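Shown next, in C-alpha cells, is the structure this report addresses.
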Amino acid sequence: MRMTARPQNVHQARLLRLLRDEGPRSRAELGDVVRLSRSKLAVELDRLVELGLVEGAGLAASRGGRRSGIVRLSPRLRFVAFDIGATSIDVAVTDGELEVLGHVNEPCDVRQGATAVLDRALDLLGKLRDQGLIDGQVHGTGIGVPGPVSFRDGMPVVPPIMPGWDRFPVRDAIGQELGCPVLVDNDVNLMALGELTSGVARSVDDFLLVKIGTGIGCGIVVDGSIYRGVSGSAGDIGHIRVDDGGPVCACGNAGCLEAYFGGAALARDATAAAASGESAHLAALLETHGELTGEHVSLAAAAGDPASVRIIREGGRHVGQVLAGLVSFFNPGLVIIAGGVAGLGHTLLAEIRSVVYRRSAPLATGNLPIVLSELAGAAGVVGGARLISDHVFSTA
C-alpha cells in the first residue's frame, strides 16, 4: 500500500485544517492564528510543501512592508467518500478543501453482500476517475454503512439489515484496493459530519441529526465531534421501544420506533390504506407501480390524500415521542431531520416539532430549531470526506 503523506507534528496538522476550513491564507495570517514565530512557521510550511500537501499561491496585499506569500492546500489532494445506504450507493471525490468535484449514485441493495456492493462502489469510483477527477493518488477514503460499526476495527458488527456484512473487513479491503488510509463509520454519523461541514449545523457545536430512511438512526455531535459511545453503537434510536404491544421489528423485538416509521413500516401502512379502500390515491399508485414507498406517500399527501397525511402525522408523532426524551436528556442546540423519509417534508416536520416542543423540558426547547436537512443526498459523502481528512490532517 502506498503511504499517504501526513503532517509530522501538531503545528503542521493545525495548519492543514486551517487551510481546509478557511481556504488560502497568507503566511502572516497563519502566523497570527497558530502563534508561531516567523522562522518556525516557515520551517513547518516548507516541510508541508515538501510533503506535497500545500503550495504557494502568489502574494497577499501588503500590510505595510514586505508582502506575505499566500499558502493553499495542494490542488492535487483528493479524498473519496462512499455512502452506502440500504437501497443506494453514493460515491464522491473532493479536493482538500472538501469541495465536491464529482458525485455519482445509483440504486443498490445492501443485502447483496459486502463483496458485491463494495465492487459496485469501486466501479462508480472508476467512472469519476475516468472523468479526470483523480490524477494520481487518492489521499484517503471515508465510508459510511447503514448499520452498527466497530470504528476501531473498521467493520460492521451484526448489522440487522446487512446480511453477509458482519465483521467483513471493509477498511482493510478498500485500503488495499485504493492504497490509502480508510475509515468506516455508521452512515448517520457521516451525515452529521456533512451537516457540520457545509450544512445547517456549520455554526453549531452540539446537535442531533435524525435520519429516517429504511432504518432510523441518530448522529450525535458533542463539542464539534461525533460521539460514538464505548463500542460505536451510540445513536441507534430506531430500536428504542415506543410500545410493548407494537408491531414486530426487523431486530426481533416488538414496538421499536423503526417498526412504526421506518421505510418498511411506511410501505406497510400505505399498502394497508390502499387495500382497505381508505385511500383511492394510494390504491391507484399501487396498481401502477406494484408496490408503495415513502415517495408515493409523499406524492399522495401533496395531492391532499387524507390517509397519507394521517400516516405521516402518526409517524411524526412516534418520532417526536422518542426525540422529546433525547432533547430533554441531551439539550442540543439544533435537531436536523434527514434521510429518504424526511422527503415527506413539512407535514412530518410540523408533527415532530409539535410533540417535541410539547413534551420536552421548556429550558431545553426554549431556543431549539428543528429543521430539515438542506444537503439532500450529499450529506453522507461530504461527511465521509470530512471524516478521512480529519484523520489524514492529524498526527494520529
In region 270-303, what count of residues is obtained for those that are open to solvent by less than 50 Å² (accessible area, probe 1.4 Å), over 27 Å from the mean Cα position of the chain (by Cα) and of a type outside the set (Ser, Thr, Tyr)?
9
Going through region 324-340 one residue at a time, which ones are open to solvent by less than 10 Å² (accessible area, probe 1.4 Å) and in a helix (DSSP H, G or I)?
Ala324, Val327
What are the residue pairs meeting all of these: first residue in region 12-23, first residue within 16 Å of Glu55 (Cβ to Cβ), second residue assigned to a helix (DSSP H, G or I) and of a type in the set (Gly, Ala, Ser), Cβ atoms under 9 Å, and 6 or more apart or on different chains?
Leu16/Ser389; Arg20/Ser389
I'd like to check something: does region 66-84 contain any residue that is open to solvent by 70 Å² or more (accessible area, probe 1.4 Å) and of a type outside the set (D, E, K, R)?
no
Those residues that are closer than 28 Å to Leu286 by Cβ and among the polar types (S, T, N, Q), I need them from region 300-359; list them, please.
Ser308, Thr347
So, in region 84-142, of the ones that are touching a strand residue (DSSP E or B) at 6+ places or on another chain (Cβ under 9 Å) and among the polar types (S, T, N, Q), which residue ends up farthest from Gly213 (Cα to Cα)?
Gln131
Quick one: which residue in Gly126, Gly194, Gly140 is within 14 Å of the chain's Cα centre (by Cα), of a type in the set (Gly, Ala, Ser) and modelled with pLDDT of 95 or more?
Gly194
Top-ranked residue of region 156-196 - restricted to ones that are open to solvent by 40 Å² or more (accessible area, probe 1.4 Å), part of a helix (DSSP H, G or I) and of a type outside the set (Asp, Glu), ranked as farthest from Ala376 (Cα to Cα)
Gln176
Could you run through region 131-153 and say how many residues are surrounded by 17 or more Cβ atoms within 10 Å (Cβ to Cβ) and free of Cβ contacts under 8 Å to residues at least 12 places away in the same chain?
0
For region 222-259: of the residues being open to solvent by less than 40 Å² (accessible area, probe 1.4 Å) and either in contact (Cβ under 8 Å) with a residue 40 or more places away in the chain or of a type in the set (Lys, Arg) (or both), which is nearest to Glu291 (Cα to Cα)?
Glu258
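The values are calculated or read from the model by the stated rules, or taken from the named source; none is laboratory data. All values reported here derive from a predicted model rather than from experimental measurement. Cβ coordinates were reconstructed from backbone atoms using ideal geometry, including for glycine residues, and neighbour counts include every protein chain displayed. In case anyone asks, the SASA skips ligands and DNA or RNA and just uses the protein heavy atoms, side chains included. Shrake-Rupley method; radii C 1.70, N 1.55, O 1.52, S 1.80 Å.
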